[in-house]
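**Student:** Here you go, one structure.
The values are calculated or read from the model by the stated rules, or taken from the named source; none is laboratory data. The shown structure was predicted, so the numbers you read here are calculated from the model rather than taken from an experiment. Backbone-built Cβ (ideal geometry, glycine too); neighbour counts: all protein chains shown.
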């Protein structure tokens with residue numbers, strides 16, 4: 001290796017040799033500090049007498065052991081942090097006190113000639129010279145870093161500890177030039193942190209243009225919604241790669257490698273600010289319990305299984321109708337789960353197989369995720385959707401009632417509120433069935449908890465717009481929208497799964513638990529941000545040479561312009577968790593629901609789609625479910 005500067009050879013010397021150089025350097029500097037202390041006090045350069053010479057030469061002998069004790073020779077000079085000033089300050093102060101003690105002993109035996117101010121001056125000189133020697137060496141050894149050619153430049157968004165540590169790591173160990181830091185709050189703009197200038201968010205585009213920045217690293221974990229949207233809107237149009245630094249807690253928990261700065265995802269920018277899970281709630285609901293998940297291979301079911309597996313259940317039974325999906329989730333969980341994983345191939349439309357699985361594995365907690373959820377497909381296959389979503393839930397509820405299941409949790413949807421499609425209507429029926437069987441359990445004196453959890457779309461779930469848009473972008477477009485102004489609620493799958501599990505510590509039987517979803521997002525904005533995050537441009541009349549076009553195809557059968565989580569938001573009740581709400585409980589009719597279920601079953605058995613649809617929507621629209629008529633918040 002060719003070295004530009006001679007002193008760079010020091011970096012390649014053995015560790016002991018470098019420590020020896022430091023010790024010799026400190027001895028010289030400490031002796032000089034003692035001599036100059038006399039010079040400053042006396043006001044002239046002098047030749048020391050025997051007592052003064054002894055004090056000058058003994059100063060390093062007293063100080064070096066103290067320096068060893070304070071670890072001044074353990075530090076690697078190239079990576080010396082600014083906080084190393086404090087140990088130097090302490091070590092030189094104690095060394096000066098030892099020097100004063102020696103002078104006092106000498107005076108007891110008749111020696112003299114040491115003015116009282118000399119020890120203080122010695123301490124000041126020794127502190128400055130030792131500190132300057134170390135940080136000066138650090139500066140010299142880092143000249144090769146300053147002289148090298150950088151292959152990229154980066155801007156770090158954030159000013160906290162992660163940002164400072166990342167900046168130091170990039171400057172010391174990579175070929176990336178860190179241009180500066182960005183303070184999302186704007187409070188530190190114009191200041192310097194670790195030698196880097198702090199800028200405002202609004203200055204990011206000009207910095208990218210002026211400095212040729214090609215990487216943005218987001219280290220700030222607490223960006224609010226407006227700042228996330230600003231990043232998506234502005235950075236997506238600029239020729240930069242945007243990455244996000246995982247939280248330090250995730251690094252220490254082993255969820256990321258220390259080098260895993262990942263590409264920024266759509267839920268990082270458009271998603272809400274999630275609340276950290278309540279570990280006490282998760283442990284209470286999961287630890288030591290025997291849990292079964294229907295639809296375990298689906299997007300919600302699989303993430304629910306991952307969340308459950310992390311909190312030491314007694315076992316997890318995976319109930320799934322798709323052989324491949326069951327194989328996938330079983331294989332994934334076995335890589336890290338410490339509890340038994342039991343795959344069961346079966347359908348919720350088969351009550352016998354449900355009961356057999358519940359009894360064979362002594363299940364006490366049952367999460368019912370299995371359902372057909374794709375609105376246009378269910379709209380074209382109404383009877384199949386009714387069989388699976390309504391009567392599948394009926395089978396699950398019956399099996400839970402007749403077995404030792406203590407907790408049944410239905411995974412519902414915001415489409416169950418004032419449903420305009422078969423999928424939403426079936427989910428509303430499913431909510432009523434679970435509430436009804438919860439009432440039956442109460443009336444029978446059984447200590448069982450039956451409730452539903454309702455929330456909106458999850459980013460990246462099977463059949464949602466996110467994977468569809470990704471596929472369309474990968475194919476060069478166009479992205480298809482059904483309406484310019486359509487909105488939906490969005491939540492990350494991980495957060496949804498954690499909140500579903502935590503709700504078990506809050507819900508009561510018959511409840512409909514609502515996950516707080518924040519503000520609805522325009523699907524058009526979601527599509528545009530996904531294009532920009534892919535590093536592409538939108539094709540518009542103003543930019544006809546853009547990469548991806550967006551086309552509006554028209555609303556499909558059963559689609560609504562917007563979804564709702566509540567019939568009446570004013571009646572939603574808060575709980576001990578800020579992201580979990582509860583709807584007021586309403587009693588389901590003891591007679592009408594079973595009668596309507598039988599009528600619906602007869603229509604399905606006869607294959608009469610029109611009658612089945614009339615019963616499906618008529619029961620809800622009539623107010624017989626006690627939802628609209630009594631002003632229920634669900």
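**Student:** Take residues that are free of Cβ contacts under 8 Å to residues at least 12 places away in the same chain, surrounded by 23 or more Cβ atoms within 10 Å (Cβ to Cβ) and more than 28 Å from the chain's Cα centre (by Cα) and tell me which of the strands (runs of 3 or more DSSP E) falling wholly in segment 306-413 contain 2 or more.
**Tutor:** It comes to none.
A quick yes/no check of all residues on (1) within 23 Å of residue 431 (Cα to Cα); (2) modelled with pLDDT of 80 or more; (3) part of a helix (DSSP H, G or I):
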| position | (1), (2), (3) |
| --- | --- |
| 498 | yes, yes, yes |
| 549 | no, yes, no |
| 558 | yes, no, no |
| 570 | yes, no, yes |
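**Student:** Give segment 189-211 a look and list any residue that's surrounded by 13 or more Cβ atoms within 10 Å (Cβ to Cβ), more than 16 Å from residue 161 (Cβ to Cβ) and modelled with pLDDT under 80, or say none.
**Tutor:** Hit for segment 189-211 is 211, nothing else.
**Student:** Which members of segment 19-60 meet the condition of being part of a loop (DSSP other than H, G, I, E, B) and without any contact (Cβ under 8 Å) to a residue 40 or more places away in the chain?
**Tutor:** The answer is 43, 44, 45, 46, 47, 48.
**Student:** Separate question: Out of 585, 613, which single residue is assigned by TED's automatic domain parsing to the domain that holds residue 373, modelled with pLDDT of 85 or more and surrounded by 14 or more Cβ atoms within 10 Å (Cβ to Cβ)?
**Tutor:** Exactly one residue qualifies, and that residue is 613.
**Student:** Quick check on this structure: which one of 510, 477, 438 is in contact with a strand residue (DSSP E or B) (Cβ under 7 Å, 6 or more places away or on another chain), at positive phi and assigned by TED's automatic domain parsing to the domain that holds residue 390?
**Tutor:** Selected residue: 510, the only one of 510, 477, 438 that is in contact with a strand residue (DSSP E or B) (Cβ under 7 Å, 6 or more places away or on another chain), at positive phi and assigned by TED's automatic domain parsing to the domain that holds residue 390.
**Student:** Which one is modelled with the lowest pLDDT among residues in segment 440-483 that are in a strand (DSSP E or B) and under 22 Å from the mean Cα position of the chain (by Cα)?
**Tutor:** 459
**Student:** Another question about this same structure. Exactly one of these conditions fails for residue 63: (1) in a helix (DSSP H, G or I); (2) over 17 Å from residue 93 (Cβ atoms). Give me its number.
**Tutor:** The single condition residue 63 does not satisfy is (2).
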